[in-house]
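The values are calculated or read from the model by the stated rules, or taken from the named source; none is laboratory data. This is a predicted model, so every value here is computed, not measured. Note: ideal-geometry Cβ built from the backbone for every residue, glycine included; neighbour counts use all protein chains shown.
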Amino acid sequence: MAERKLNGGLKAALEYGPILAFFIGYLQLKDQVISIAGTDYSGFLVVTALFIPLMVLTTGLLWALTGSLSRMQLATVVLVVVFGGLSVWLQDERFFKMKPTMIYLLFAGVLGFGLMRGQSYLRSVMGETLPMRDEGWMILTKRIALFFLALAITNEVIWRSLSTDAWVNFKTFGLTAAMFAFFLSQGRLLQTYGIEKDKV
C-alpha cells in the first residue's frame, strides 16, 4: 500500500491524543478504586486498561489513513500492549511505568547497533523527509541514540523515586518537551549537513 500524506492536525491528534486522554483519565480516576468482576483496580490501572485499546485503535487508523507505519510506531504499540497488559493482569503499575524505559532502550540499542556497523538506521526512516549528507546522519544518529538512553535512565529515576502523579506529568509533558527541545537544538547540524531537496 502506497504511503499517503495526512493532515498535520489529524496526524498529531492520532499520535498524541491517547497520551492526553491517559493524562485526563488519570486526573479523574487517580484516587478511585473500581471493582470489575469482583476484582478491585486502582484508577491508574483502569486508565491503563482503557489506554491500550485506544492506542491500538489510533495506530490502526494511522495505518489505514496513511498506508504505512514506522518501525518506531509499531514497536511502541506492541510494548504498550505487552507492558500495559502485564500491569492490568498482575495489578502492578510498575510494568506500565517501565514501558518508556523499554521503548527508549530498544530504540537506542537498534541505532547503536547500526552505528557499530557503520550505518545510520535513522536515515532509512527519515531520509526522504530530511535530506542530509552521510556524515550528518551519523552524527544525528549518535546524538539521538544517546538522547534515548538518557530518556530511559530519566524515566527509571522518576518512576522509582517520585510519586505516580510526578511520573504521569513527566510522561505526558516532560517527554514531549524533551523531544521538542532536542530536535530544536539540532538546527545547526541540519543547516551544516542538509541537502536541498531539488539537489537530491
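Picking from THR172, THR176, THR154, which residue would you name as being in contact with a Phe, Trp or Tyr (Cβ under 9 Å, 6 or more places away or on another chain) and either more than 23 Å from GLY17 (Cβ to Cβ) or not assigned by TED's automatic domain parsing to the domain that holds LEU190 (or both)?
Within the list THR172, THR176, THR154, the selection yields THR154.
Within the range 42-79, take every residue that is assigned to a helix (DSSP H, G or I) and of a type in the set (Ser, Thr, Tyr) and give me the one that is farthest from PRO100 (Cα to Cα).
THR66
Search the range 87-101 for residues being hydrophobic (A, V, I, L, M, F, W, C) and buried (at least 17 other Cβ atoms within 10 Å of the Cβ), and hand back the single one that is nearest to ALA49 (Cα to Cα).
Restricting to residues being hydrophobic (A, V, I, L, M, F, W, C) and buried (at least 17 other Cβ atoms within 10 Å of the Cβ), the top hit is VAL88.
Determine the pairs where a residue that is at pLDDT 90 or above, located within the range 27-55, has a partner that is of a type in the set (D, E, K, R) and exposed (fewer than 13 other Cβ atoms within 10 Å of the Cβ) with Cβ atoms under 7 Å apart, the partner being 6 or more residues away or on another chain.
VAL33/ASP40; GLY43/ASP31
Among the listed residues LEU122, LEU140, identify the single one that is assigned by TED's automatic domain parsing to the domain that holds VAL168, without any contact (Cβ under 8 Å) to a residue 24 or more places away in the chain, hydrophobic (A, V, I, L, M, F, W, C) and buried (at least 19 other Cβ atoms within 10 Å of the Cβ).
Only one candidate passes the filter, namely LEU122.
Check whether at least one residue in the range 32-41 is part of a helix (DSSP H, G or I) and either touching a Ser or Thr at 6+ places or on another chain (Cβ under 9 Å) or closer than 18 Å to TRP159 by Cα (or both), and report yes or no.
no
Of everything in the range 178-195 that's among the hydrophobic types (A, V, I, L, M, F, W, C) and without any contact (Cβ under 8 Å) to a residue 12 or more places away in the chain, which residue is nearest to LEU149 (Cα to Cα)?
MET179
Out of (1) under 20 Å from PHE23 (Cα atoms); (2) within 11 Å of the chain's Cα centre (by Cα); (3) surrounded by fewer than 19 Cβ atoms within 10 Å (Cβ to Cβ); (4) not hydroxyl-bearing (Ser, Thr, Tyr), the odd one out for MET72 is which?
Only one criterion is unmet by MET72, namely (1).
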